[in-house]
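The values are calculated or read from the model by the stated rules, or taken from the named source; none is laboratory data. Because the structure is predicted, anything quoted here is derived from the model rather than measured. Heads up, the Cβs are rebuilt from the backbone with ideal geometry, glycines too, and the neighbour counts pull from every protein chain shown. Heavy atoms of the whole protein, side chains included, go into the accessibility calculation; ligands, DNA and RNA do not. Shrake-Rupley method; radii C 1.70, N 1.55, O 1.52, S 1.80 Å.
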Amino acid sequence: MKKKQKNYNLILGIFIALFMLLFLLAGLFYTPYDPDAMNGAAKFAAPGTEHLFGCDHFGRDILSRVMKGTGTTFFVAVSTVVLGGGIGILVGAFTGYFGGWVDEVLMRFNDVVFSFPHILLALVFIGVLGPGKYNVILALSVVFIPSFARITRGEFLAQKEMDYVKSARLMGVSHLRIMFVHIFPNTLPSVLSMAAIGFNNAVLAEAGMSYLGIGVQPPDASLGRMLSESQTYLMSAPWCAIFPGLCILLLALGFSLLSDGLLKKGGK
Amino acid sequence: MKKVLEVKQVSVSYKEGKSRKEVLKDISFEVRENEILGLVGESGCGKSTLSKAILGFVKTDEGEIVHHTERPQMIFQDPFSSLNPSKRVEWILEEPLRMQKIPKERRKQKVLAMGEKVGLTTEQLRRYPRELSGGQRQRVSIAAALIQGAKFIIADEPVSALDVTIQKQIMELMVHLQEEMGLSILFISHDLNVIYQMCDRVMVMKDGKIEEQQDTEDLFAHPKSSYTKLLLEGLPQ
């Protein structure tokens with residue numbers, strides 16, 4: 001037996017991801033101040049005991065806004081992964097398992113979508129749909145379908161040749177049951193790792209789009225918006241940018257470690 | 001003698017570039033009730049294609065395959081890929097019963113009984129396939145093939161991936177089950193020793209054709225075709 005090595009990526013990833021999750025969950029129920037309340041007296045207040053992370057140019061408490069903003073960003077990212085990933089997995093499972101001309105057509109279509117840079121394509125969608133939280137989710141989901149479809153298809157392609165699938169066919173198990181009860185659990189390490197990568201990309205894409213002003217709209221706080229609003233005061237009040245930036249970093253880092261750790265665990 | 005399977009003048013070919021390559025040429029034989037029929041030949045001679053054709057995984061160009069039993073089952077060579085790695089053994093054995101709409105309590109009983117028959121402990125039934133040895137996995141495969149009550153089994157090199165001592169145990173188990181349950185087995189192997197010990201009759205296959213078929217004793221004592229003689233000469237006496 002090989003000695004089991006500690007999977008530090010997974011442990012650290014789970015730790016950071018859990019920490020961020022607690023942070024944003026807390027933000028749903030409690031923030032030190034109203035995240036949208038303006039306070040002229042506290043304009044550009046430096047971090048201190050009163051305002052832990054300081055205040056922005058409207059005198060809004062940054063800690064409260066970061067808590068809310070992390071929630072928004074997280075919601076957008078998770079919805080994107082669930083929607084885009086869900087459709088992608090379905091497409092990949094069917095094309096990989098059944099093959100044939102449907103596979104050819106869908107995969108060529110996939111290649112077309114895949115060949116555009118993610119963010120560019122999402123921008124086109126936003127251009128058509130208009131800005132806003134839900135449109136960002138929709139745009140990013142569509143953009144994320146191909147990568148999920150491709151990974152899932154590859155897994156199904158390999159798994160369907162295994163003898164256990166033939167054996168299940170002989171026993172009279174239906175195709176659908178084979179796909180989702182027999183094969184799907186074996187694709188989970190890859191799919192989950194893909195989901196973690198997708199989550200990361202979605203966090204960064206949402207931040208990027210909100211930074212450009214076409215993502216989440218005010219008064220919703222989002223990490224990207226906060227960064228964008230604070231760039232004018234980067235030198236005079238750096239805390240306005242540092243804390244939202246740190247949150248994006250931690251979210252992305254946590255889930256990136258998680259995906260590495262999951263892949264290692266799956267033995268790939 | 002009743003038959004469980006009749007294969008009549010079957011040919012199978014694969015597309016290879018623009019031409020077609022004939023893998024099975026005019027194959028005819030029958031599997032009788034309550035016998036182990038051996039199928040021997042070098043790798044690439046079409047043994048596996050023949051088993052796939054019988055099970056309907058490969059389309060035949062010509063000929064006819066007639067089943068006289070319900071659903072033949074198969075035991076595969078590689079006990080690693082033939083069991084789903086993400087399911088426990090008991091789940092794998094229950095699945096065929098789920099397909100027969102057997103209620104849960106009855107399923108559990110049947111799995112336990114079948115486990116006992118093939119020599120698996122209750123504790124081993126709760127494990128994942130990767131936690132079992134090659135021989136134990138092959139016992140699971142045998143149990144899974146038999147649990148729906150199949151009377152005809154195709155075993156494709158079921159002992160080739162195993163150590164010699166384990167090979168012997170699995171072979172004895174299969175012979176025992178065959179006698180006890182009155183099974184018919186098409187036993188595919190490249191190993192004449194294994195065939196000699198297990199089978200009632202033997203078919204020798206070469207380049208997609210059946211060279212000869214005889215009772216095992218006769219074949220080993222008086223081989224008719226020169227190819228069979230060649231194969232037998234390779235055996236230590």
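Surface composition of the stretch B:51-186: carbon plus sulfur atoms contribute 48% of the solvent-accessible area (1.4 Å probe, protein chains only, all chains present).
At a probe radius of 1.4 angstrom, the accessible area of the stretch B:157-237 per residue rounds to 50 square angstrom. Computed over protein heavy atoms with a 1.4 Å probe, the carbon and sulfur contribution to the accessible area of chain A reaches 71%. The separation of the stretch B:81-124 from the stretch A:97-122, counted between C-alpha centres, amounts to 40 Å. In this simple spin-label model, placing a label point 7 Å from the Cα along the Cα-to-Cβ direction at both B:Arg71 and A:Leu253 gives a separation of 5.5 nm. In order along the stretch A:141-156, the Karplus-derived 3J(HN,Hα) couplings, from 6.51 cos²θ - 1.76 cosθ + 1.60 at θ = phi - 60°, round to 4, 4, 5, 8, 4, x, 5, 5, 4, 5, 4, 5, 4, x, 5, 5 Hz, and Gly and Pro are given as x. A simple count of charges around B:Gln169, restricted to other residues whose Cβ falls under 15 Å of its Cβ and scoring Lys, Arg +1 and Asp, Glu -1, yields +2.
Largest first, the three principal axis extents of the alpha carbons in the protein assembly as shown are 107, 53, 43 Å in whole numbers.
Comparing the full protein assembly with the isolated chain, the residues of the stretch A:148-168 losing at least 20 square angstrom of accessible surface (1.4 Å probe) are A:Met162, A:Asp163, A:Tyr164, A:Lys166, A:Ser167. Here the Gaussian network model covers chain B, with springs between Cα atoms less than 10 Å apart; of B:Lys117, B:Lys21, B:Lys224, B:Lys21 fluctuates the most. The residues of the stretch B:41-108 expose on average 52 square angstrom of accessible surface per residue, using a 1.4 Å probe on protein heavy atoms.
GNM, chain A, Cα, under 10 Å: largest mean-square fluctuation among A:Val66, A:Val216, A:Val82? In this elastic network of chain A, the residue with the biggest mean-square fluctuation among A:Val66, A:Val216, A:Val82 is A:Val82.
Label zone of B:Arg130 (point 7 Å out along Cα→Cβ, amide N under 16 Å): in the stretch A:140-170 this covers A:159.
Label point of B:Phe220 set 7 angstrom out along Cα-Cβ; within the stretch B:174-193, amide nitrogens under 18 Å from it belong to B:174-176, B:187-193.
How many Å² of accessible surface get buried when B and A come together, counting both sides, probe radius 1.4 Å, rounded to the nearest 100? Summing both chains' loss of accessible area gives about 1600 Å². Both radii come from the Cα set of the stretch B:124-237: Rg as radius of gyration, Rh as Kirkwood radius; their ratio Rg/Rh reads 1.01. Under a Gaussian network description of chain A, with springs only between Cα atoms under 10 Å, the residue in A:Phe116, A:Phe94, A:Phe53 that fluctuates furthest is A:Phe116. Look at the stretch B:84-91: the mean tally of other chain Cβ atoms within 10 Å of its residues' Cβ atoms is 4. The modelled label-to-label distance between B:Asp207 and B:Asp191, using points 7 Å beyond Cα along the C-beta direction, is 2.9 nm. Counting, for every residue in B:92-105, the Cβ atoms of other protein chains within 10 Å of its Cβ and taking the mean gives 2.
Counting only other chains, what is the mean number of Cβ atoms within 10 angstrom of the Cβ of each residue in peptide A:218-230?
The mean count of partner-chain Cβ atoms within 10 Å per residue comes to 0.
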